[in-house]
Every structure is written in C-alpha cells, then in structure tokens.
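The values are calculated or read from the model by the stated rules, or taken from the named source; none is laboratory data. All values reported here derive from a predicted model rather than from experimental measurement. Reconstructed Cβ throughout: ideal geometry from the backbone, glycine too, with neighbour counts over all protein chains shown.
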C-alpha cells in the first residue's frame, strides 16, 4: 500500500501586510498549500505572482473572503493589526473549530478576548525576537506549539517555545 503525504493548508490572513508577506514567501515551496487572504486584490495578485515566479513548485491560492479561506485551512495565521484581531476572530469562529490559529503579536500574552471568541481553537502566539528570524511561540496546547515550531523552523526561522 502506498502512503501519500497530504499537504497541510495554511491560510495567511493579512498576507499583503509586511509580516504576512514575509511568512508567505518563507513558507511557499515547502510542504504546504498556502491560501493568501487580503482585501487588497492588487497587492494579493502581485504577491502571488512573485512567489510563483521565485518558487514555481509553490502551491498558492488567493482569496479575498476571510471565512472561506479559513474554512479550507488546517492552520490559520492572523497577520493583522491588533485592532483588527477581534473582528477577524469573530468572522472565522465558526470555521476555526479545532484548528490552530496563530496570532502574530508583540503583546506579552494572548488576549483573553481572543480565547473567548475562539474557545474551540488552539491559539498560538508568535512574537519576534531581537535578532532577525528569531521567534518565540507560546500557547496552551503543547501539540499545537510543537507543530507551529516545526513549520516555522522548516521555513528558516529559529523558534523557541514558551509553554503557557
């Protein structure tokens, strides 16, 4: 019997923002299907074209609907401003059940509001270290922390896990 590996799908909400675009470029071409989500269709088109030009093996789709993109994803990466996090969390709460939702934030801890909005999601926070490519991962689910650490290490980041 032949065992086929299934690519994980990662949705990047805010893909055209600085960190979102960085993540998209670093994760592209690995063993992931990327769903790039942004309401700026022109920047989304250029980002997608740039990724596919530089990494022809990359599997990249673009969407403008946050809920549809997150419904398809195994991992949801929120690369939006802190002021938008609650609104996006409210939009995806029905489709994020039992999924890993990664919050990109320099805040010290995960917002209790987000945990309340997404009670059935595995929330993981990524914050950036002092050195480029250095990230700290924290969250309440050890398996989710380990999975996000593996994904980002494969993409070239150096991650440290702080168990919450």
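Key figures
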{"quantity": "Flag if residue 100 is touching a residue at least 40 places away in the same chain (Cβ under 8 Å) and surrounded by 15 or more Cβ atoms within 10 Å (Cβ to Cβ)", "calculated": "yes"}
{"quantity": "Residue satisfying all of: in the range 53-63; in contact (Cβ under 8 Å) with a residue 24 or more places away in the chain and either surrounded by fewer than 14 Cβ atoms within 10 Å (Cβ to Cβ) or in contact with a strand residue (DSSP E or B) (Cβ under 9 Å, 6 or more places away or on another chain) (or both); farthest from residue 28 (Cα to Cα) among these", "calculated": "63"}
{"quantity": "Residue 44 being closer than 28 Å to residue 138 by Cβ, within 16 Å of the chain's Cα centre (by Cα) and in contact (Cβ under 8 Å) with a residue 24 or more places away in the chain", "calculated": "no"}
{"quantity": "Residues located in the range 116-127, provided they are over 14 Å from the mean Cα position of the chain (by Cα) and touching a residue at least 12 places away in the same chain (Cβ under 8 Å)", "calculated": "117, 118, 120"}
{"quantity": "The range 99-114 - residue that is closer than 13 Å to residue 140 by Cα and part of a loop (DSSP other than H, G, I, E, B) and, of those, modelled with the highest pLDDT", "calculated": "111"}
{"quantity": "Matching residues in the range 127-164 - criterion: being within 23 Å of residue 33 (Cβ to Cβ), part of a loop (DSSP other than H, G, I, E, B) and in contact with a strand residue (DSSP E or B) (Cβ under 7 Å, 6 or more places away or on another chain)", "calculated": "141, 157"}
{"quantity": "Some residue of the range 31-38 being within 26 Å of residue 159 (Cβ to Cβ), touching a strand residue (DSSP E or B) at 6+ places or on another chain (Cβ under 6 Å), in contact (Cβ under 8 Å) with a residue 12 or more places away in the chain and surrounded by fewer than 22 Cβ atoms within 10 Å (Cβ to Cβ)", "calculated": "yes"}
{"quantity": "Pick from the range 64-82, criterion surrounded by fewer than 22 Cβ atoms within 10 Å (Cβ to Cβ) and in a helix (DSSP H, G or I), ranking: modelled with the lowest pLDDT", "calculated": "82"}
{"quantity": "Residue within the range 40-48 that is touching a strand residue (DSSP E or B) at 6+ places or on another chain (Cβ under 9 Å), at positive phi and surrounded by 18 or more Cβ atoms within 10 Å (Cβ to Cβ) present", "calculated": "no"}
{"quantity": "Total residues in the range 39-58, condition modelled with pLDDT of 95 or more and either touching a helix residue (DSSP H, G or I) at 6+ places or on another chain (Cβ under 7 Å) or not in a helix (DSSP H, G or I) (or both)", "calculated": "2"}
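Each row is one residue, and each column tells you yes or no for (1) over 19 Å from residue 144 (Cα atoms); (2) part of a helix (DSSP H, G or I); (3) in contact (Cβ under 8 Å) with a residue 12 or more places away in the chain.
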position: 9; (1), (2), (3): no, no, yes
position: 23; (1), (2), (3): no, yes, yes
position: 86; (1), (2), (3): yes, yes, yes
position: 96; (1), (2), (3): no, no, yes
